[in-house]
Amino acid sequence: REQAAMATVPPTRRQIIQEMPRKGGFPALNVQLKRTVRGPPSWALLAGTAAISIGGLLYYVRTTDERRYIELAKINERFERAYVLQAVEDVTAPRRNKALIDTERELMASDPKWVVNQSPYMTARPKAPAFDEMDPRLFDGAGSR
């Protein structure tokens with residue numbers, strides 16, 4: 001029986017077929033480490049991270065100061081507007097009060113006891129009722145007044 005020249009023949013129990021190098025051997029492999037540039041160096045990454053962080057912090061501080069300045073400007077504008085509104089109210093209040101008195105005079109003309117522009121309350125200015133319906137001191141033990 002002839003032995004097969006190729007290694008693809010399945011081995012039998014008795015014979016072991018092993019691939020061997022061809023005549024003259026395999027060509028030499030170049031196993032030197034080839035270092036390629038795979039990105040920036042570590043110091044550049046660190047410097048970039050620091051620069052972005054510092055820039056972000058400065059931006060945050062600047063915008064916070066601007067926002068605070070805008071809020072203070074709004075508050076000052078409200079105060080300045082209050083003086084103008086008060087001046088307008090000082091001008092329009094007497095005219096409005098005169099119109100209310102004239103309306104009251106027309107409505108109560110049929111009542112001879114009514115005094116125009118006099119408060120119906122017995123105090124200098126209107127007050128809330130002197131009792132509170134929920135005050136427990138106003139109730140006796142039975143739950144009625």
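Computed FRET efficiency, Cβ-Cβ of residue 113 and residue 92, R0 25 Å: what is it to the nearest 0.05?
Rounded to the nearest 0.05, the efficiency is 0.20.
Let me know the volume per residue of the alpha-carbon convex hull for segment 23-69, in Å³.
Each residue corresponds to 61 Å³ of Cα convex hull volume.
If we count every other residue with Cβ under 14 angstrom of residue 69's Cβ, Lys/Arg +1 and Asp/Glu -1, where does the sum land?
Taking every other residue near residue 69 into account, the sum is 0.
Here, each number is a calculation from the coordinates, and none is a lab measurement. Since this is a predicted model, take the numbers as computed values, not measurements. Ideal geometry is used to build each Cβ from the backbone, glycine not excepted, and the neighbour counts take in all protein chains shown.
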